[in-house]
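Undergrad: After the structure tokens below, expect a handful of questions from me.
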Amino acid sequence: MTPAIREAIVLPAALLTVLLAGSIRIAQSTVFAPPSVFALVLGLLLIRVIVQSGALAPEQLLANARSAAANLNGLAVLLALWLASAQVLAVLIPESGLPRIVFAVFLLILLINTAAAAPDRVRLLRSLSVTFGALFLLKFVVLRELSAPGTSGLKRVLQALLEGVTLGSLLQPPSHVATSYLALLSLGLFLVAVFLLPDRGLERSEALVKADLQVRTTPTRR
Amino acid sequence: MSAAPRNDGAIRVAGLVFTVLYATLIGWLFTGQPQTVAQITGGLASTIGAYSVDQQSLADGLRFFRNDQFVEARMAFARADPAIRDARTQFYIAYSYYRQGWGRLYHDDALYGEGLAVIDRAIALAPAGRLVVEDENLRIHSGEELKAELEAGRRREASDFNPMRVFRERK
């Protein structure tokens, strides 16, 4: 795959598909939900971590030496990456109640912590896969199963008890199973897109991480 | 000059066009919130002027409407305009809610409410918001008149208790 095809077609198509697939919420009616302002802020943090790890080299997308069309392609990739990052994080945050607040705060802390840890490209991709996978299971398997309408009397009783104990703040609005598949597609495609981003290369990335750590550990003179 | 950079340039421009079109489609889906595949395809077709209502279903709907079979009329109108893009068909749907909800002693608020939502949509769909339907079987011909009639039907006023209201006629 040539850089032109990757930057002009493959990456924008993949990232915009992440945005679209992640926005679809199928319940009693279908909703195309754009990412919230908070998700857009989290998306910026995620891009910062991606750049810091060397998984994305912005200078390979926007530079004076590149043609105008190439720079426009680079800009489109960066904007699409921002929106897609925000959308995958929005997909992982539950729709309502206490879990929504807990997941949002957890993601914020996790991204700040990842930025402080300054992982390299490979470690970041592993970390994102594990985090996304775990949050996907929590939201689309555990919470969804807890919130699904009870089929047996015992389940309905347990659900009523759970709703009473948590003052209705835990259970989520019911969603169609297709929403879960679309969310999984969105997450998987996002990881593939991050893998395909023009990276800094291993040596340069390690050098940047080392330099970053050195700056942090060097005591400042008063 | 080698062929590769020329190809790269063409690929980059084609990619930009594709990206803009794809992003526009997503933006349209976010703002329009279509609920069915028919609404998506109809909406896209109407943006290039290729959308048209099913004339046979529209004729069926009008026949039911004139026979005061309003539920059947709405089903036929929905078939005629599945993408909800035709202002005239939506006007008839709103009118069917008005006629079905109209009563000498009281009006059905729920049906009038549905009618208001539909007439708002119809006015939004009409060019420059001007919706006029020339049909000699109707006594209301414009979107504004129908909307005013539906809103008046939902208001609680002193005139509601006027016994002379039983002599009023349905439009």
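Undergrad: I'm told residue B:122 meets every condition in (1) closer than 26 Å to residue B:42 by Cβ; (2) surrounded by fewer than 15 Cβ atoms within 10 Å (Cβ to Cβ) except one. Can you identify the failing condition by its number?
TA: Going through the list (1) closer than 26 Å to residue B:42 by Cβ; (2) surrounded by fewer than 15 Cβ atoms within 10 Å (Cβ to Cβ), residue B:122 breaks only (2).
Undergrad: For the subset of the stretch B:14-58 comprising residues that are assigned to a helix (DSSP H, G or I), of a type in the set (Gly, Ala, Ser) and under 17 Å from the mean Cα position of the chain (by Cα), which member is nearest to the other protein chains (Cβ to nearest Cβ)?
TA: B:32
Undergrad: Okay, next question. Restricting the search to the stretch A:1-11, which residues are outside any loop (DSSP other than H, G, I, E, B) and at pLDDT below 90?
TA: Once the filter is applied, which keeps residues that are outside any loop (DSSP other than H, G, I, E, B) and at pLDDT below 90, the stretch A:1-11 yields A:3, A:4.
Undergrad: Any idea which of (1) closer than 16 Å to residue A:188 by Cα; (2) more than 10 Å from chain B (Cβ to nearest Cβ); (3) at pLDDT 95 or above is the one residue A:91 doesn't satisfy?
TA: (3)
Undergrad: All but one of (1) surrounded by 16 or more Cβ atoms within 10 Å (Cβ to Cβ); (2) among the β-branched types (Val, Ile, Thr); (3) more than 21 Å from the chain's Cα centre (by Cα) hold for residue A:77; which doesn't?
TA: (3)
Undergrad: If a residue must be more than 9 Å from chain B (Cβ to nearest Cβ) and not in a strand (DSSP E or B), how many such residues does the stretch A:12-37 contain?
TA: Within the stretch A:12-37, residues that are more than 9 Å from chain B (Cβ to nearest Cβ) and not in a strand (DSSP E or B) number 10.
Undergrad: Looking at the stretch A:10-17, can you tell me whether even one residue there is touching a helix residue (DSSP H, G or I) at 6+ places or on another chain (Cβ under 9 Å), of a type in the set (Ser, Thr, Tyr) and more than 24 Å from residue B:17 (Cβ to Cβ)?
TA: No, the stretch A:10-17 contains no residue that is touching a helix residue (DSSP H, G or I) at 6+ places or on another chain (Cβ under 9 Å), of a type in the set (Ser, Thr, Tyr) and more than 24 Å from residue B:17 (Cβ to Cβ).
Per-residue answers, yes or no, for (1) in the same structural domain as residue B:140 (by TED's automatic domain parsing); (2) among the hydroxyl-bearing types (Ser, Thr, Tyr); (3) buried (at least 17 other Cβ atoms within 10 Å of the Cβ):
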residue: B:42; (1), (2), (3): no, no, yes
residue: B:68; (1), (2), (3): yes, no, no
residue: B:76; (1), (2), (3): yes, no, yes
residue: B:85; (1), (2), (3): yes, no, yes
residue: B:102; (1), (2), (3): yes, no, yes
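Undergrad: Is there any pair with a first residue in the stretch A:29-46 that is touching a residue at least 60 places away in the same chain (Cβ under 8 Å) and a second that is surrounded by 15 or more Cβ atoms within 10 Å (Cβ to Cβ) and among the hydroxyl-bearing types (Ser, Thr, Tyr) whose Cβ atoms are under 6 Å apart and which are 6 or more apart or on different chains, and what are they?
TA: Taking only residues 6 or more apart or on different chains, the pairs are A:46/A:85.
Undergrad: While we're on this one: Checking the structure you have, find out if any residue of the stretch A:39-57 is within 12 Å of another protein chain (Cβ to nearest Cβ), more than 14 Å from the chain's Cα centre (by Cα) and under 24 Å from residue B:17 (Cα atoms).
TA: The answer is no; no qualifying residue exists.
Undergrad: Against the definition (closer than 22 Å to residue B:16 by Cα, more than 10 Å from every other protein chain (Cβ to nearest Cβ) and at pLDDT below 95), how does residue A:81 come out, yes or no?
TA: Spelling it out, it is not the case that residue A:81 is closer than 22 Å to residue B:16 by Cα, more than 10 Å from every other protein chain (Cβ to nearest Cβ) and at pLDDT below 95.
The values are calculated or read from the model by the stated rules, or taken from the named source; none is laboratory data. Computed from a predicted model, the values in this text were never measured in an experiment. Cβ sites come from the backbone with ideal geometry, for glycine too, and all protein chains shown count toward neighbours.
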